[in-house]
1. What nm distance separates the two modelled labels at R215 and D178, each placed 7 Å from Cα along Cα→Cβ?
2. How charged is the neighbourhood of R218? Take every other residue with its Cβ under 10 Å from the Cβ of R218, and add Lys/Arg as +1 and Asp/Glu as -1.
3. Using volume of the Cα convex hull per residue in Å³ as the read-out, say which of [x] 116; [y] 124; [z] 192 was calculated from these coordinates.
4. May I ask you to order 208-219, 15-26, 138-149 by the average number of other C-beta atoms within 10 Å around their residues, highest value first?
5. Search the structure for amide H atoms under 5 Å from the amide H of D186, placed 1.01 Å from N in the peptide plane, and list their residues when 5 or more places away or on another chain.
6. Cross-chain or 8 or more residues apart, Cα under 29 Å: how many lysine pairs in the range 4-223 fit that? Count them up, please.
7. Report the label-to-label distance for W117 and A191 in nanometres (one decimal), using points 7 Å from each Cα along the Cα→Cβ vector.
8. Can you work out ³J(HN,Hα) from phi for every residue in the range 102-118, in order, using Karplus 6.51 cos²θ - 1.76 cosθ + 1.60 and θ = phi - 60°, giving whole Hz and x for Gly and Pro?
Amino acid sequence: MEIYKYDTHVHTSEASGCASSTGAETALAYKEAGYDGIIITDHFFNGNSAVPRRLPWKKRIELFCKGYENAREQGEKIGLTVLFGWEFTSDANDFLTYGLDKEWLIAHPDIMDMQIWEYAQFVRRCGGFVVQAHPFRIRDYVKKLVLIPNDVDAVEAVNLGGNDIQNERARWYAESYDLPITGGSDTHNVAAAPKGGILTDMPINSISDYAEAVRGGRILKILDGKE
């Protein structure tokens, strides 16, 4: 059986204020590390965004997408699949959003005014796919935990930016609500070889493929960075 390796939670310095590797650098590093593809999920404007807030909405979205676009361009040259998503934040709790595109973002500046449950429901009605990222991460800036199990499609049960206890709690949360699980590295810098993500028994060439892998139990293993 052929096995495929993907990272579903990756940041770039073009759009994430806390990242230090460009999209092109990131794509190259993942290819060298043996991955078949990555999903760029930069911090959106309600998170640690590198995009100036004073700019008009459309310009902000164009700049926000640069990390993904640069990674995709490099990926096309080297044979790495690069897909698009983003990390939407509410009260310092993060929700990975997949399946929608730049044009959708340009058309919906109103998402910034939505409650997180409204946002998740709206995204899903529009054909998107929402994964709650690292739901039990503890940081000084996280003042409360926000859980919306009825409004997400899956839970990130392994995130390399957390620890084993936080990941175990995330898995318990998903199992408690019969939600599928997935995992990602939450990479912000590729100075060290990339780790984390998922192994599947199917190629992921689109977000629809990724959603099928998660919902259909096609994830063979969630990588914890210790392999």
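Values quoted throughout were computed directly from the atomic coordinates according to the rules given, and no laboratory measurement underlies them. A quick note: this is a predicted structure, and the numbers were derived from the prediction, not measured. Note that each Cβ is placed from the backbone with ideal geometry, even for glycine, and that neighbours are counted across all protein chains shown.
1. The answer from the label model is 1.6 nm.
2. So the surrounding residues net to -2.
3. Computed from these coordinates, volume of the Cα convex hull per residue in Å³ corresponds to label [x].
4. Details: 208-219: 17.9, 15-26: 21.4, 138-149: 11.9.
Per-residue mean Cβ counts within 10 Å order the peptides as 15-26, 208-219, 138-149.
5. H9, L160
6. So the count works out to 26.
7. So the two model labels end up 4.3 nm from each other.
8. Result, rounded to whole Hz: 4, 5, 5, 4, 4, 7, 10, x, 5, 5, 5, 9, 8, 5, 4, 5, 5.
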